[in-house]
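Trainee: Have a look at this one.
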Amino acid sequence: MNRTKESRTTFLRSWLLWTAGFLALPLAGFAGSAVIGRVDGPLAALGGGAIAGLIIGAGQTLTSSGRLQASKWIPATVIGMSAGLFLGAAAVNYRTSLADLALMGAITGLVLGSAQALALPRQAHRRWIWAAAMPALWALGWTITTLFMIQVGQQFIVFGASGALVVTAITGLLLQALLPFRAGVRRAGFAPSAATA
């Protein structure tokens with residue numbers, strides 16, 4: 001019974017830490033917008049996506065409780081976010097209606113999720129689930145941000161804090177399902193031993 005309680009506490013702590021990392025998304029958006037301005041063309045999408053991907057990838061690595069390897073996760077997030085935003089924004093012709101942003105989010109999430117899935121440690125055998133979930137989650141993030149009456153017409157790079165909180169909380173549960181955090185197994189890329197499996 002104590003082991004079960006300890007396991008739940010360990011999970012809760014790692015999930016709360018990951019969820020607190022939602023702040024990386026609005027910070028990434030602010031940083032990208034400060035450098036490139038609005039996402040109103042291909043170069044802005046590529047550059048803004050790369051800047052945002054760098055900050056998001058670093059934030060997720062720091063809050064992953066050692067499960068993600070920075071040297072793989074950050075470049076994958078930079079590439080996925082840059083290419084995804086480039087394709088997604090172009091697909092909707094840089095428009096910002098709810099339907100357009102949801103579609104842009106889905107396309108961004110498809111590319112980003114696929115890149116990140118490849119960067120998951122080798123013990124995450126069902127990594128395709130991460131790739132499959134990201135289009136829906138990024139569409140959800142943009143939907144929540146739009147419904148919260150955020151001024152999305154300013155052509156932001158990333159959805160706002162409201163969407164980021166929900167998406168990050170859900171991805172924290174997904175990460176735990178694919179790559180459970182166990183005390184004593186803290187470094188990404190190392191499979192758990194038989195004693196901790």
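The values are calculated or read from the model by the stated rules, or taken from the named source; none is laboratory data. A quick note: this is a predicted structure, and the numbers were derived from the prediction, not measured. Here the Cβ positions follow ideal geometry from the backbone for every residue, glycine too, while neighbour counts run over all protein chains shown. Side chains included, ligands, DNA and RNA excluded: accessible areas come from the protein's heavy atoms. Shrake-Rupley method; radii C 1.70, N 1.55, O 1.52, S 1.80 Å.
Trainee: So which residues in segment 96-113 are buried (at least 24 other Cβ atoms within 10 Å of the Cβ) and polar (S, T, N, Q)?
Mentor: Thr108
Trainee: If you take the residues of segment 134-151 that are outside any loop (DSSP other than H, G, I, E, B) and polar (S, T, N, Q), which of them is surrounded by the most Cβ atoms within 10 Å (Cβ to Cβ)?
Mentor: Thr145
Trainee: Which one of the conditions (1) assigned to a helix (DSSP H, G or I); (2) open to solvent by less than 30 Å² (accessible area, probe 1.4 Å); (3) touching a residue at least 40 places away in the same chain (Cβ under 8 Å) does Ala20 fail to meet, given that it meets all the rest?
Mentor: (2)
Trainee: Any idea which of Gly48, Gly59, Gly53, Gly32 is within 18 Å of the chain's Cα centre (by Cα), at pLDDT below 95 and assigned to a helix (DSSP H, G or I)?
Mentor: One residue alone meets the criteria, Gly32.
Trainee: Then there's this: Take the residues of segment 88-133 that are hydroxyl-bearing (Ser, Thr, Tyr) and assigned to a helix (DSSP H, G or I): which is farthest from Gly163 (Cα to Cα)?
Mentor: Step by step, filter segment 88-133, then rank; the result is Ser114.
Trainee: Answer yes or no as to whether Ala177 is assigned to a loop (DSSP other than H, G, I, E, B) and either surrounded by fewer than 20 Cβ atoms within 10 Å (Cβ to Cβ) or modelled with pLDDT of 95 or more (or both).
Mentor: no
Trainee: Scan segment 38-72 for residues that are surrounded by fewer than 22 Cβ atoms within 10 Å (Cβ to Cβ), under 18 Å from Val92 (Cβ atoms) and out of contact with any Ser or Thr (no Cβ under 7 Å at 6 or more places or on another chain) and report the count.
Mentor: 5
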